[in-house]
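The next block holds one structure in the form of structure tokens; read it before the comments.
The values are calculated or read from the model by the stated rules, or taken from the named source; none is laboratory data. Note that the structure is a prediction, hence the values are computed from the model and not measured. All Cβ positions, glycine included, derive from the backbone under ideal geometry; neighbour counts span all protein chains shown. Keep in mind that these areas ignore ligands, DNA and RNA; they rest on the heavy atoms of the full protein, side chains included. Shrake-Rupley method; radii C 1.70, N 1.55, O 1.52, S 1.80 Å.
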Amino acid sequence: MIVSTTLNELNQQLKQRRRQFPDEKIGLVPTMGFLHDGHASMMKRAKEECGYVVLSVFVNPLQFGPNEDFDRYPRDRERDTAIAENNGIDLLFMPSLEEMYPKKPLTKVLISEVTERLCGASRPGHFDGVGTVVSKLFNLIRPDRAYFGMKDAQQVAVVERMVFDLNIP
């Protein structure tokens, strides 16, 4: 398993892989880390359906509101790395906050209507943060398939609508 912490490393690894295996399907499992059995099941499915799987571990500050504690979100890089390796991940992308957002982002993905009820009603801006980081990951990795947990049905609806509205392949 290759561990990448920078956008440049990620780009180089993916470019090399695509050159060697141009017809191979690339899967993406985007996470905020602190991996568990649900993540492992997504990794397993991705491995079954794709020749190469990227797991991203990034705690996205844009998903946290002013009264939510971004700094206290659980993180365990060593444990996440071991779980990723045990589940056959090919490329583990673990960028720093500065790597993903070197400057304050002035551009965000705003997804309306599907974000205005349920969890979105009590966490304004949360799903805009989700849309922004998922859009960044899709642009960086350009996966053929992406794997999301179904424990958060609203998040799935938000990502599906973003993909549809923005014609993301």
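Quick one: which strands (runs of 3 or more DSSP E) sit completely within the range 1-97 and have at least 2 residues that are open to solvent by less than 60 Å² (accessible area, probe 1.4 Å)? Quick ask: steps written out before the conclusion?
Numbers: elements: 2-4, 26-31, 52-57, 91-93.
Answer list for the range 1-97: 26-31, 52-57, 91-93.
Quick one: in the range 6-49, of everything that is among the polar types (S, T, N, Q) and without any contact (Cβ under 8 Å) to a residue 12 or more places away in the chain, which residue is nearest to residue 145 (Cα to Cα)?
By that ranking, first place goes to 41.
Would you call residue 108 in contact with a helix residue (DSSP H, G or I) (Cβ under 7 Å, 6 or more places away or on another chain) and assigned to a loop (DSSP other than H, G, I, E, B)? Spell out the reasoning first.
Details: in contact with a helix residue (DSSP H, G or I) (Cβ under 7 Å, 6 or more places away or on another chain): yes; assigned to a loop (DSSP other than H, G, I, E, B): yes.
Taking the combined requirement at face value, the residue satisfies it.
Which of the numbered conditions does residue 80 fail, given that it passes all the others? Conditions: (1) more than 17 Å from residue 143 (Cβ to Cβ); (2) over 16 Å from the mean Cα position of the chain (by Cα); (3) among the acidic types (Asp, Glu).
Unmet condition: (2).
Restricting to the range 145-159, and then to whatever is closer than 20 Å to residue 50 by Cβ and either over 14 Å from the mean Cα position of the chain (by Cα) or in a strand (DSSP E or B) (or both), can you tell me which residue is modelled with the lowest pLDDT? Explain how you work it out, then say what you get.
Of the range 145-159, the ones closer than 20 Å to residue 50 by Cβ are 145-150, 156, 159.
Checking which are either over 14 Å from the mean Cα position of the chain (by Cα) or in a strand (DSSP E or B) (or both) leaves us with 145-146, 150.
Details: 145: 97, 146: 96, 150: 78.
That would be 150.
Collect the residues in the range 121-147 that are open to solvent by 50 Å² or more (accessible area, probe 1.4 Å) and farther than 17 Å from residue 95 by Cβ, keeping them in residue-number order.
121, 122, 123, 124, 144, 145
With (1) closer than 21 Å to residue 163 by Cα; (2) modelled with pLDDT under 90 as the list, and residue 69 as the residue in question, which single condition is left unmet?
(1)
For the range 122-166, give me each residue that is at positive phi and of a type in the set (Lys, Arg). Can you show your working first?
If we filter the range 122-166 for residues that are at positive phi, which is where we start, we get 125, 142.
Correct list: 142 only.
Could you tell me whether the range 125-133 includes any residue that is under 19 Å from residue 28 (Cα atoms), small (Gly, Ala, Ser) and assigned to a helix (DSSP H, G or I)?
Checked the range 125-133: at least one residue is under 19 Å from residue 28 (Cα atoms), small (Gly, Ala, Ser) and assigned to a helix (DSSP H, G or I).
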